[in-house]
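Below is one structure; the comments refer to it alone.
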Amino acid sequence: MAVAERVTDLNVMVGGQGGDGSLTLVGLVADLLGRRGYHLYESRDVGSRIKGGCAAGLLRASTVPRGCLGDRLDLLVAFDREALERGAPLLRERAWVVHDSSDGPAPRDALPPGATVVEAPFGRLAVRDLRRDLYKNSLAFGVVARVLGLPDGDAEQALRRSLRRLPARLVEANVQALRRGLEHAGEAGLGEGDGWRLADGEAGRRLLLSGNDAVALGFLAAGGRFFAGYPITPATEILDRLLAHLPAFGGTAVQCEDELAAVNMAIGAALTGVRAMTASSGPGIALMQEGIGQLGSAEIGVVVVDCQRAGPSTGMPTKPEQSDLGMLVHGANGDFPRIVLAPADPAECFELTALAVNLAERLQGPVYVALDQAVAQDAVTVDGIDLDAVTVERGKLLGEADLARLGEYRRYSLNGDGDGISPWAPVGACGGCHLVTGNEHDEWGRVSADPGNRVRMVEKRLRKLDALLPGLPRALRAGDPDAEVVLAGFGMNGGVLLEAADALAAAGLPVQVLRLRTLWPVLGELAEAAERSRRVYLVEQNATGQYARVLAGAGLPAAGLESVLRFDGRPFRPAELARAILEREEARA
Amino acid sequence: MNVTRTYEPAAPVWCAGCGHFGVLNALRAVLRDLELPLHEVFVVAGIGCSGSIQNYLGAYGYHALHGRLLPAAAGAALANPELTVIGAGGDGDGYAIGAGHLVHAFRRNVPFTYLLMNNETYGLTKGQRSPGRFVDRDPGEGWVDGALLGLGIPSSTFVARGYSGWPEQLARLLRAAIEHARSGRGFAFLEVVSPCVTYDDTYSRWRHVLHDVDADPGWDATDRAAAFRGAVRLAAEDRLPAGLIFRAPDARPRERPAPASAPLEGEAVRRRLRELAGRYLVDGS
């Protein structure tokens, strides 16, 4: 065996056919390393089906937080040839490969010469010794635990924790499989305490949660009490969590018959003064566009979460993209104000969703929280979520006492504070009776096509955003503030930008990083950066540079802005992005 | 009760003789008889000629998107069970563009009233046939019978049909529908045959088409199967049942959460949030 190597940043891939238990095995490794204080980033590479098809779980465990997958795999566990072929190009020189040889040995020429390969027919052994193929991941876990250099007892505890809801008989059978796997590792020369020497992690009480989990928590924390949705990948977990948790908060979640019902149910609820949200992905958001326009015209505050996936149309449901931006910024007929926020990790999903709930009521209009599949579904450790930072701001909501003090109440009053935001009474409030309509209307809410009124109302609605500008989340900056090259992006590319910047600095190209968090309205941060630098690289996960075009529409001069695009359904790895930037810089030199 | 001045109810924009006047009169009478404070009444209207009825009452009114009044009304009723939510829309809204929601309104049985004002035509776009047209229908196109549809969904609880030419029965049915919904028993569907005098004046025909089941001692409105059979039999004779067609005898008031008055913050909320967040702790402690 190789001399024990000290590791601080581990990248693991476990792959096979859906149903092989790859994701369970990744979960076990995450549990073990998470308890040792490692920061985790967990991702999935799966198809859109319940069972079968190539399915892989990816885990990065590191002693410092990393907001993305790393460049190279340290450990590949492959239950079949396809997983081996997919993972092999990513292996680093001295990687470990644990391969299920039930269908023959791993072809060594596809693997780096320095790789250590441990092979066993896990599938066949599971059937032969334990009568069921599905124990093979517990068998393989024995070998993986030895590669990680962990005590056998820790591995067994982790397995028992993960199976604690199963009948004792099944738990024991899996533990037996694990022991058989440990024995096999020993026979292959990999004893307890061999393998890697794991560096100490950072102590801390961390949460491991996905962006969708965090969106649901942020909504609840901000007083969100009504949710309507329709199942769609990759947004479904938001519906699932809120169906499970809203009742304990006195709220209600509804699984609707379609997205048209979802957005309109949220509208009906919001009119009664409840803080309401819906969530979907591109195809569902497209169906909701008429309702989004209604939010704009009738001035109703609802949060709309879009977990973007590869489009157009049904596209690639399980793959990330940032290609709904044109729809979010420009979608629906007519002119009306809206806000688009873009969180990059679960902590920000919590924070920005809670903020969106406040903004929706303050704006009295649609506020999008734009995730992408990676931000939505990748699970990441965060150092807790700050419940104390969440405030409930209800904007110009009128209570019955406020209404009683008014001589008269006009829902769409033009005589407000000049900010275009009219005080609003929720349906049911005594003294606040009014009419709400998406047709153009006068101050009372009566339908009107009077040209003077029309102009005043359109201008009133558009003016509303100005008052909210100071509270919109600014871009986060990192890297070298004096660098002449700016690396900008948002969402799933947030962590990648930071790590690529380190790689670029190491390669002699210092860059500043600008991670946008408000996509609409355009806050001018990129325009400023473009003015003060030689070049801005805007990284987007779409084929046409949708956000670059939004910026151009907002007046950002195209000179000096260069799009770096990817739309193959895969996230950038930091080194890939750094290499792409270096190549472009060299081509210009 | 405060005396804040709010909008003046407008005068109806409908054509003289429009069936919708009968619906409006019945609605005004029932709201008055039930002594409901107007601020607790929420009329969710659709798009079309019927979609202005909310403007004439002085209550809270919402003009929903075409075909979407049902989910909007359901959202309001689910959020605040104290409200008397009355959906009111046309046959284009309920039987064409929004028919999918009608199926699920029956299924979900959220307590609110749905007045489907069936004038058998698209009035605002000048007289196209609607899928709710029964008299003078195109045999090749067929028609949708909301009452039969409702009876066919096992969790439906209230199905009725009125006629704007029969005001007494209409007011009685509307009151029963609103009471059914207000008591929390469920979704109350009341189709009102409300002829369009401009594009499809069928007033002279309806008294012969409609069979008053309230006056029929053989009609058992507590028996879903019998009501279904009766409606199918009438259809075979080119007739439709009018009156209380079916009211589920086992429909009981349900306890419902009130999200609109749920606490947004406070110690109890924080405790629950901390407990929820704790489920994601890496070390499971």
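Each value in this text was obtained by applying a stated rule to the coordinates, not by laboratory testing. The model shown is predicted, which means the values in this text are computed figures rather than measured ones. Note that we place each Cβ from the backbone using ideal geometry, even for glycine, and neighbour counts take in every protein chain shown.
What to note about this one:
- Candidate lysines for bridging to A:LYS396, where Cα separation is under 27 Å - those fewer than 8 sequence places away on the same chain excluded: A:LYS460, A:LYS464
- Basic side chains Lys and Arg get +1 at the Cβ, acidic Asp and Glu get -1 at the Cβ, and with that the dipole of segment A:6-198 about its Cα centre reaches some 580 debye.
- Per-residue ³J(HN,Hα) for segment A:64-70, Karplus 6.51 cos²θ - 1.76 cosθ + 1.60, θ = phi - 60°, Hz, x for Gly and Pro: 10, x, 10, x, 6, 6, x
- Proximal aspartates and glutamates to B:LYS126, defined as alpha-carbon separation beneath 12 angstrom and excluding residues fewer than eight positions away on the same chain: B:ASP200
- Alpha-carbon Rg with Dmax, taken over segment A:1-40, Å: 12.4, 35
- Scaled to the globular estimate 2.2 N^0.38 Å, the Cα spread of segment B:126-276, given as radius of gyration, is 1.37.
- Rounded to the nearest 10 degrees, the inclination of helix B:69-79 to the longest alpha-carbon principal axis of chain B is 40 degrees.
- Evaluated over segment B:92-166, the Cα radius of gyration and Dmax, each in Å: 12.9, 37
- Once backbone amide H atoms are built at 1.01 Å from N, A:SER448 has A:GLU440, A:HIS441, A:ASP442 as its partners under 5 Å, excluding neighbours fewer than 5 places away on the same chain.
- For segment A:476-588, the dipole from Cβ point charges (+1 on Lys and Arg, -1 on Asp and Glu) about the Cα centre works out to 260 debye, to the nearest 20.
- Here's the picture: charge each Lys and Arg Cβ at +1 and each Asp and Glu Cβ at -1 in the protein assembly as shown, and of A:ILE292, B:LEU70, A:ILE50 the one pushed furthest to the positive end of that dipole is B:LEU70.
- HN-Hα J in Hz across segment A:375-383 - Karplus 6.51, -1.76, 1.60, θ = phi - 60°, x for Gly and Pro: 5, 5, 10, 5, 9, 9, 6, 10, 7
- Test item: Cα-centred dipole of chain A, Lys/Arg +1 and Asp/Glu -1 on Cβ, debye: 700 debye
- Global geometry of segment B:158-198, whether rounded, prolate or oblate, following the gyration tensor of its Cα atoms and the 1.5 cut on a/c: prolate
- 20 Å tail of the calculated P(r), segment B:1-152, as % of Cα pairs: 49 percent
- Whole-number D in µm²/s for chain B (Stokes-Einstein; Kirkwood sum over Cα pairs; 20 °C, 1.002 mPa s): 108 µm²/s
- For q = 0.16 Å⁻¹, Debye-computed log10 I/I(0) when each Cα of segment B:51-116 counts as one equal scatterer: -0.47
- Measuring how big chain A is from its alpha-carbon positions, Rg and Dmax come out at 26.4, 88 Å.
- Take every Cα pair under 8 Å whose residues are at least 6 apart in sequence, average their separation, divide by the length of chain B, and the relative contact order is 18 percent.
- Kirkwood Rh, angstrom, segment A:208-389 [1 / mean 1/r, Cα pairs]: 15.5 Å
- Counted over all Cα-Cα pairs of segment A:476-588, pairs farther apart than 23 Å make up 19 percent.
- Exposure proxy ranking, count of Cβ atoms within 10 Å, fewest first, for A:LEU497, A:LEU516: A:LEU516, A:LEU497
- Excluding same-chain neighbours fewer than eight residues apart, the lysines reachable from A:LYS51 by a Cα-Cα span under 24 Å are A:LYS136, A:LYS319.
- Remark: segment A:481-495, residue by residue, has Karplus-estimated 3J(HN,Hα) of x, 9, 5, 8, 10, 10, 10, 10, x, 6, x, 4, 8, x, x Hz, where x stands for each Gly or Pro and the curve is 6.51 cos²θ - 1.76 cosθ + 1.60 at θ = phi - 60°.
- Each part reduced to its alpha carbon centroid, segment B:70-106 and segment A:259-321 end up 19 Å apart.
- Counted residue by residue at 0.36 nm each, then reduced by the alpha carbon distance between them, the extension gain from A:GLU93 to A:SER48 reaches 13.0 nm.
- Under Stokes-Einstein, with the Kirkwood radius over Cα pairs as Rh, the value for segment A:1-148 at 25 °C and 0.890 mPa s is 160 µm²/s.
- Angle in degrees between helix B:99-108 and the longest Cα principal axis of chain B, rounded to the nearest 10: 60 degrees
- Annotation: the residues B:CYS49, A:CYS307, B:CYS15, sorted from fewest to most other C-beta atoms within 10 Å of their own C-beta, follow the order B:CYS15, B:CYS49, A:CYS307.
- Treating each Cα of segment A:371-476 as an identical point scatterer and summing with the Debye formula, the log10 of I(q)/I(0) at q = 0.16, 0.17 Å⁻¹ comes to -0.86, -0.92.
- All C-alpha pair distances within segment A:172-237, sorted into 10 Å bins from zero, spread as 14, 22, 18, 23, 18, 5 percent across the bins.
- Spacing of the two label points (7 Å from each Cα toward its C-beta) at B:ARG129 and B:VAL13, in nm: 2.8 nm
- Listing B:HIS180, A:HIS184 from fewest to most neighbouring C-beta atoms within 10 Å gives A:HIS184, B:HIS180.
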